[in-house]
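Just below is one structure, and these are the notes that go with it.
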Amino acid sequence: MKSTAIASGDEVDSYCGKCKLERVHNVVALVDGAVAKVLCKTCGSQHRYKSTKTEPKKKVRATTRKSSASGPARQLKLWEKAMEENGENARKPYSIFDMFVPGDIIEHSQFGSGVVTEVSAAGKMHVLFQEGPRRLIFNRVPPQETAA
Ligand SMILES: [Zn+2]
């Protein structure tokens, strides 16, 4: 097995956009073991590494899949993302008397799990549920019969 590991500072051949020629470059930055940035030894310009070999471009664009994901599918994705991003946050059962902050995950008896996205001082919050965003009230003071 030949070791082809490239390290920062190694010399590689790359096309230089300034010299408009293939030049010897020094590796400046590596990404995942592949040369990402090079420094032209001739003109001293730094640029992205362009392989001298013509390789087929690997650009996979999932535009066809994305465009079909609208409406409920898109909503579901939003919810999944929000749940994932806030997965380590507190999980609380929903109660209108409790205090919630954005990022909290609430368990609603009717709508299921949701992520608090926004709260207002007026005691209303936006919660993203699997089926869509909803506005719920919270931080209500329990009725006190003695207060008259
Ligand atoms: Zn150059």
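The values are calculated or read from the model by the stated rules, or taken from the named source; none is laboratory data. Just so we're clear, the structure is a prediction, and the values are computed from it rather than from any experiment. We place every Cβ from the backbone using ideal geometry, glycine too, and count neighbours over all the protein chains shown.
One table, with the values for the structure above:
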| item | result |
| --- | --- |
| Residue list for segment 100-116, restricted to those being of a type in the set (V, I, T) and crowded, with 16+ Cβ neighbours inside 10 Å | I105, I106, V115, V116 |
| Set I96, I105: member being within 24 Å of the chain's Cα centre (by Cα) and at pLDDT 90 or above | I105 |
| Subset of segment 5-21 [more than 15 Å from the ligand (Cβ to nearest atom) and of a type in the set (V, I, T)] | I6 |
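Table: residues versus (1) modelled with pLDDT of 95 or more; (2) within 16 Å of the ligand (Cβ to nearest atom); (3) not in a helix (DSSP H, G or I).
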site: R23; (1), (2), (3): no, yes, yes
site: A29; (1), (2), (3): no, no, yes
site: V35; (1), (2), (3): no, yes, yes
site: T42; (1), (2), (3): yes, yes, yes
site: H47; (1), (2), (3): no, yes, yes
site: K58; (1), (2), (3): no, no, yes
site: R61; (1), (2), (3): no, no, yes
site: K77; (1), (2), (3): no, no, no
site: E88; (1), (2), (3): no, no, yes
